Amino acid sequence: MTDGHFHQIRTTSDYHTFRQLAKPQHPLISVINVEDIRNLPVGEAATLVMDLYCIALKRNFKGKIKYGQQKYDFDEGVLFFMSPGQVLSIEATEEVFHSGWMLLIHPDFLWNTPLANTIKQYEYFSYSVHEALFLSEKEETVITEIIQQIEQVYQAPIDKFSQPIMIAHLEVLLSYADRFYHRQFITRKITNHQILNRLDTLLTNYFNSDDLIIKGLPTVQFVAESLNVSPNYLSVLLNLLTGQSTQHHIHDKLIEKAKEKLSTTDLSVSEIAYALGFEHPQSFSKLFKNKTNCSPLEFRHSFPN
């Protein structure tokens, strides 16, 4: 996918202008019917950076979307989320009717409300589109009904009740989305366990390669990027599947490799520590004891000569 024309979208009005829509009915929030959006010509691409929160449900969109470093086909209806400053590239691959809705929210709309802080706690705003939410028919109905309630207030004349009512509906929408995301971790078990298997392979290969000496211990960020998911998504997934964090999995693989070296080589503890990416042997010994309840030497001496 080519990046195409670059567009900085600072306000809801900017997005309406870009998509050749009528002016928004509120300066800080907008509900858009996807059917009203001007389609990009087939083969044309556009890259957007929006200073807005975006929640969107699109159906039957024949194109490619690149979000961060991930590409996604929107051939089926999914719900996805963007937070301000994230990059989105779109390319139309064929002319087709598509439907759905978009909710655009300027951060100023949340100012002086609890949601201004709590919205940052929802992991899915840092997800890539590859981790979009696949809704069941009933779930889509729930989300769409909430959007329709927001739209009714949005289309009415603005008064002092407009913002708090829309904020209240938005909080309900985000809570349902959070619930449905956690359901997805359970129902999409095959995909999730594939990620778990890929994680094990990734760590095994890393600890068996020169990367460990050259680059040091793998970070959570590195592991997540290598698996093409965000750190938050990987953390939630692993906690639900295994009850352990990404860092815990990294340390488990490290201890596994350490035990192998302690039991099959004559390398000193310091040499093993350096080989495993530690700058200070004391840090390795401390972690080993925390994980195994014995020191590296005690572990080695537990094997008969």
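Structure summary
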{"quantity": "Label-point gap, in nm, between Ser162 and Ser283 - each point 7 angstrom along Cα→Cβ", "calculated": "5.4"}
{"quantity": "Relative contact order (%) - criterion: Cα under 8 Å, at least six apart; region: region 160-305", "calculated": "19"}
{"quantity": "Label-to-label distance, nm, for residues given as His182 and Lys259 (7 Å Cα→Cβ offset)", "calculated": "3.2"}
{"quantity": "Highest-first arrangement of 239-248, 173-182, where packing means the average Cβ count within 10 Å", "calculated": "173-182, 239-248"}
{"quantity": "Which of Phe284, Leu234, His301, positive extreme of dipole for region 231-305 (C-beta unit charges)", "calculated": "Leu234"}
{"quantity": "Carbon + sulfur, % of accessible area of region 99-258 - ligands and nucleic acids excluded, 1.4 Å", "calculated": "52"}
{"quantity": "Residues Ser270 and Thr113, FRET efficiency given R0 of 51 Å [Cβ-Cβ distance, rounded to 0.05]", "calculated": "0.40"}
{"quantity": "In range of the label at Arg59: residues from region 139-162 whose backbone nitrogen is under 17 Å from the point 7 Å along Cα→Cβ", "calculated": "139-149"}
{"quantity": "Highest to lowest packing among 223-233, 135-145, scored as the average C-beta count within 10 Å", "calculated": "223-233, 135-145"}
{"quantity": "At R0 = 22 Å, FRET efficiency that the Cβ-Cβ distance of His301 and Asp252 yields, to 0.05", "calculated": "0.45"}
{"quantity": "Pairs beyond 31 Å (Cα-Cα), from Lys215/Lys259; Lys215/Lys286; Lys120/Lys259", "calculated": "Lys120/Lys259"}
{"quantity": "Percent breakdown of C-alpha pair distances by 10 Å bin, ordered from the shortest bin, for region 201-305", "calculated": "14, 45, 30, 10, 1"}
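The values are calculated or read from the model by the stated rules, or taken from the named source; none is laboratory data. Everything numeric in this text was worked out from a predicted model, so none of it was measured. FYI the Cβ positions are ideal-geometry reconstructions off the backbone, even for glycines, and counts take in every protein chain you see. Note: accessible area is taken over every heavy atom of the protein model, side chains too, but ligands, DNA and RNA are not part of it. Shrake-Rupley method; radii C 1.70, N 1.55, O 1.52, S 1.80 Å.
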